[in-house]
Every structure is written in structure tokens, then in C-alpha cells.
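The values are calculated or read from the model by the stated rules, or taken from the named source; none is laboratory data. Predicted model only: the values in this text are computed from it and were never measured. All Cβ positions, glycine included, derive from the backbone under ideal geometry; neighbour counts span all protein chains shown.
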Amino acid sequence: MNFHDAFKKALHLGGTLFAVTAITGLILGVVEHYTSQAIARVELEARNAAFRIVMPAAKNFEEIVAEQDDFVTAVQRGDDATGLVGWCFTVNSKGYGGEIQFIVGVTKDGTVKAINILNHSETPGLGAKSTEPEFYGQFADKSSLPLKVVKGAANNPDEIAAISGATITSNAVTTGVNGAVAYWNKHLKGAE
């Protein structure tokens, strides 16, 4: 094979490889575009469901501009037909396995109505138990604030019983809830 034939063959193979790569890239780009929209839609639906869980009396939720904060990343105002019911705070707190993202519902009088864990990377069988009602249910209707984590049974209204073997996760969630209430106290208390 002479140089000219080898060059033509290499050029042909290079062109074929370029075409296959370009088509593959185009297909991947289209798939990413549509799947990212679907993922965003599913995440929005999950957040809206969490708002309804932590603030069931509210019928409408409107995102407000949130001040920068260590825990609170977004704030939704919850209203019913008569006006303000409370606030839904999207909170990120550092757990054992990484960030724990959850929603905290705080009524207009400052009571923690409920929480709902959205995402976490906690250890299965330990910190992952934060998504079970036995743990997150302890935060329902808490008005003795700030809350603190205790090992064993919670005997006082300001106590949250730690998940056995997952004190870091328990503290992370409780600290995030306290952070949401502190945010409410600083920025939203008395709002109508």
C-alpha cells in the first residue's frame, strides 16, 4: 500500500469516526435535555408534596426571596383562603454521609408543624432511619424551642430522641430544624 492509499484510508476512517462521534454526541445532548427537564419536574413535584405534608392547612405555596443563611436555602409562604398559615423552609444540614435536605414547616406562631426528608446519603439501617416516622414524627407540633437531641427516651417537650447508632444524623436534622426556626425568628416573625 502506498502513502497516498494509506492517507485516503486514514482520512476515510477519521471521517467515519468523526461522524459517529458527532451523531452520538447529538443524541446524548437531546437525551440529557429531555431527562434533565423530567428530573427537575419530578424534584419540583416532590418538593410540592413535601410542602403539603409539613404545612397541610396551606392551599397555596409561593416562594419568597430568602436571605443567605447557613441552613435555609429556600422559603415558601403557605396560605389558605384567609391568609398566612405558615412557612416551609428548605434546609440543608451536614449529616454523617453528606448533606441532608429536608423541608421544615413552621406555623405563623413559630411552632414546628412537621418535617419531611427529601434527600440524604446517610448509612442504611442507621442514619437512613431519619426518613422513618419514629424519628421525624418527633418534630410534629414542637413549640418548646430550640430542640436538643438526647440519647434514650425524650422526656421533655424540647427533646428529640437520637436514632440509635446515628447521633450525628439526629443532631444534623435537629440543628437544621433549629436553624429554620432561628431564620423564622430573625426574618419572618410577625409577618402576615
| query | Does F3 satisfy being surrounded by 12 or more Cβ atoms within 10 Å (Cβ to Cβ) and aromatic (F, W, Y)? | reply | no
| said: With the requirement that a residue be charged (D, E, K, R), farther than 19 Å from V149 by Cα and either touching a Pro at 6+ places or on another chain (Cβ under 6 Å) or buried (at least 16 other Cβ atoms within 10 Å of the Cβ) (or both), what does segment 91-134 give you? | reply: K108
| field | Out of A40, A10, sole residue that is among the aliphatic types (A, V, I, L, M), under 30 Å from V104 (Cα atoms) and in a helix (DSSP H, G or I) | value | A40
| query | Name the residues in segment 127-157 that are among the acidic types (D, E) and in contact (Cβ under 8 Å) with a residue 12 or more places away in the chain, would you? | reply | D141
| query | Restricting attention to segment 111-127, which residues are modelled with pLDDT of 95 or more and more than 12 Å from the chain's Cα centre (by Cα)? | reply | T111, V112, K113, A114
| query | Which residue, of Q68, Q76, Q101, is at pLDDT below 95 and under 17 Å from the mean Cα position of the chain (by Cα)? | reply | Q68
| task | Pull up segment 135-148, narrow it to residues that are charged (D, E, K, R) and surrounded by 12 or more Cβ atoms within 10 Å (Cβ to Cβ), then point me to the one that is nearest to A161 (Cα to Cα). | result | K148
| request: Report yes if V177 is farther than 18 Å from E62 by Cβ, surrounded by fewer than 18 Cβ atoms within 10 Å (Cβ to Cβ) and not small (G, A, S), otherwise no. | output: no
| said: Every residue in segment 102-126 that is of a type in the set (D, E) and more than 13 Å from A57 (Cβ to Cβ), please. | reply: E122
| remark: Taking segment 143-174 and keeping only residues that are under 21 Å from G110 (Cα atoms) and in a strand (DSSP E or B), one is left with K148, V149, E159, I160
| task | Hey, can you tell me all the residues within segment 48-58 that are among the small types (G, A, S) and not in a loop (DSSP other than H, G, I, E, B)? | result | A49, A50
| query | What is the residue count in segment 149-159 for residues that are surrounded by 14 or more Cβ atoms within 10 Å (Cβ to Cβ), out of contact with any Asp or Glu (no Cβ under 8 Å at 6 or more places or on another chain) and within 21 Å of A182 (Cα to Cα)? | reply | 1
| said: Given the criterion under 30 Å from P157 (Cα atoms), outside any loop (DSSP other than H, G, I, E, B) and not hydrophobic (A, V, I, L, M, F, W, C), identify the matching residue among S130, S121. | reply: S130
| message | So the check is Cβ under 6 Å with 6+ separation or different chains; which pairs have a first residue in segment 66-93 that's in contact (Cβ under 8 Å) with a residue 12 or more places away in the chain and a second one that's of a type in the set (K, R)? | response | D80/K59; L84/K108; G86/K108
